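This report refers to the structure that appears directly beneath it.
Read-outs: derived from the displayed coordinates by stated rules, not from any lab. Predicted model only: the values in this text are computed from it and were never measured.
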């Protein structure tokens, strides 16, 4: 019948209109900013840099590999690698970003930087109240502003943060086990190797054949 779709659509509209006065989940007006709707865990806005522990510099997971900078579609990430190194979460010396800037006036929140990062060093934040009076430099977030603790990450994305922590702990345990196995193998090899020190008073090299004796001389 012609017009059935229109009637169904009008019925849905009427049901929502009437329900908005009586059903609590349809009362969508929120007195912002006094009242706020809790954000979903998978909501994302702009990236941030999680760090472990209390020191943003020592605990920063980023090793300045610049993969996110290369893969960023709008090219809003700017990184300068450090000259020195610091230990990462596994104790391995790594470079770190001396400069890490993100221009949020250009960022399109695509999350590609998060997906390509092999170190779980960049994640998506939920903070959206980032308005500024200036248009350019004020919208360029520096490393100090981007660095946020792992506790903050657990607060905004508890499920994802727990999975990341488990993954990093597993990688650290595997690295430690590999290190111990290598040390044990080296110790066993050193113990099994034969002694190479020469006997007292001997001048010959171990493993070399003794020198040939000179033929006797005959006096005429």
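Who wins for biggest fluctuation among 47, 87, 38 in a Gaussian network model of the chain, springs between alpha carbons below 10 Å?
Fluctuation is largest for 38.
Under 10 Å, Cα contacts only: if you run a Gaussian network model on the chain, which one of 111, 31, 75 comes out with the highest mean-square fluctuation?
Fluctuation is largest for 31.
Most mobile of 29, 159, 13 per a Gaussian network model of the chain (Cα springs, under 10 Å)?
Answer for the Gaussian network model of the chain: 13.
Kindly provide the helix-only [θ] at 222 nm of the chain, computed as the sum of -39,500 (n - 2.57) over DSSP H runs of four or more divided by all residues, to the nearest 500 deg cm²/dmol?
Numbers: 6 runs with 72 residues, N = 220.
Taking each H run of at least 4 residues, the total per residue is -10000 deg cm²/dmol.
Give me the angle, in degrees from 0 to 90, between the Cα long axis of helix 4-19 and the longest principal axis of the Cα atoms of the chain, rounded to the nearest 10.
That works out to roughly 90 degrees.
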